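Take a look at the structure below.
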Amino acid sequence: MQKLRMRDPDQEWLRERLRLQLRSDEKPTLVDDVAPEVALSLLAEELLDQARQDQRTLSRRWSEYRFQLFDWTTTFLLIFCWPAGLYRLYVRKKQPPATLFSVHTPRWRRLAELLAEKAGETRSAASVAELILVLRTLDSERVGEEARLEVALSRRIADLLPFLTPAELSSLPEPCWEFLVYALEQRIEIEAIRRLPWMKAPFTIAVILALGSVKNPNVAPLMQRLAAHDTEGRVREAATDYLATP
């Protein structure tokens, strides 16, 4: 993923300060002491790092949980071959049970709340890019804990994206555009009842308007399908206007 974050001593120092402040139960003062764009960048990076850590922990615990089921089965089979089976049962009962946990830890949830709050204070192209790069990692259909953040980011991006200038839109990194085009594809492929927040009409229209400012001939087939077959008139109208604009 393309990074928008500066790798300099000041940025790293701010990250360390934020991490220290997150260890307390109070709201980190850092997010209010620096510019909103800087705070958003720091929170986004911490959130993505924490999400990766949570996923690794979940994978490890899931492996332990599956092994526990296998281990119990093996133990019961060995009972018929005592004393090995009885010894195995004694050892097994002394081991703590392996349990699953929710996909995200409390630290992730706290960062998500701070990020959603800070998103409402920023309007720059760099901030929009940060929000898109976070949004593309979320999937509330698979992970229900991500639903609130997914909704908040989708709404904020939809509010800001159409008002960026062509120059600002051109500054968005390629992964952002890849996701925005993917959002249009998913809008077409996924039935209405199963659409995630970034597949719904407000987000789709915002993407169409943004693409209209930086004309990309590769999306014309998508616009044709939206103009002809989308389930909502306002989306069909936006796609039709895109196709009609030279």
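Things to note:
- Residue among Pro175, Pro166 that alone is touching a Ser or Thr at 6+ places or on another chain (Cβ under 8 Å) and farther than 18 Å from Ala239 by Cβ: Pro166
- Against the test of being hydrophobic (A, V, I, L, M, F, W, C), touching an Asp or Glu at 6+ places or on another chain (Cβ under 7 Å) and without any contact (Cβ under 8 Å) to a residue 40 or more places away in the chain, the options Ala220, Ala201 yield a single qualifying residue, Ala201.
- In the set Ile190, Ile132, only one residue is of a type in the set (Val, Ile, Thr), buried (at least 20 other Cβ atoms within 10 Å of the Cβ) and under 21 Å from the mean Cα position of the chain (by Cα); that residue is Ile132.
- Residue that is most open to solvent (accessible area, probe 1.4 Å) [pool: residues in region 193-202 that are part of a helix (DSSP H, G or I) and more than 10 Å from Val235 (Cβ to Cβ)]: Ile193
- Among the numbered conditions (1) part of a helix (DSSP H, G or I); (2) over 27 Å from Arg142 (Cα atoms), the only one that Leu226 does not meet is (2).
- Condition broken by Asp241, with the remaining ones in (1) crowded, with 20+ Cβ neighbours inside 10 Å; (2) over 30 Å from Val103 (Cα atoms) satisfied: (1)
- All told, Arg142 falls short of being surrounded by fewer than 19 Cβ atoms within 10 Å (Cβ to Cβ), assigned to a helix (DSSP H, G or I), without any contact (Cβ under 8 Å) to a residue 40 or more places away in the chain and not aromatic (Phe, Trp, Tyr).
- Of the set (1) modelled with pLDDT under 95; (2) within 23 Å of Val34 (Cα to Cα); (3) not basic (Lys, Arg), all apply to Leu160 but (1).
- Boolean, Leu42 is outside the structural domain of Ala116 (by the TED database), in a helix (DSSP H, G or I), surrounded by 13 or more Cβ atoms within 10 Å (Cβ to Cβ) and touching a residue at least 40 places away in the same chain (Cβ under 8 Å): no
- Some residue of region 224-237 being surrounded by 18 or more Cβ atoms within 10 Å (Cβ to Cβ) and out of contact with any Lys or Arg (no Cβ under 8 Å at 6 or more places or on another chain): no
- Take the conditions (1) β-branched (Val, Ile, Thr); (2) at pLDDT 95 or above; (3) over 18 Å from the mean Cα position of the chain (by Cα); Val214 misses just one of them, which is (2).
- Residues of region 230-245 classified as within 24 Å of Ile193 (Cβ to Cβ) and at pLDDT 95 or above, total: 9
The values are calculated or read from the model by the stated rules, or taken from the named source; none is laboratory data. Because the structure is predicted, anything quoted here is derived from the model rather than measured. We place every Cβ from the backbone using ideal geometry, glycine too, and count neighbours over all the protein chains shown. SASA here: full protein model, heavy atoms, side chains in, ligands and nucleic acids out. Shrake-Rupley method; radii C 1.70, N 1.55, O 1.52, S 1.80 Å.
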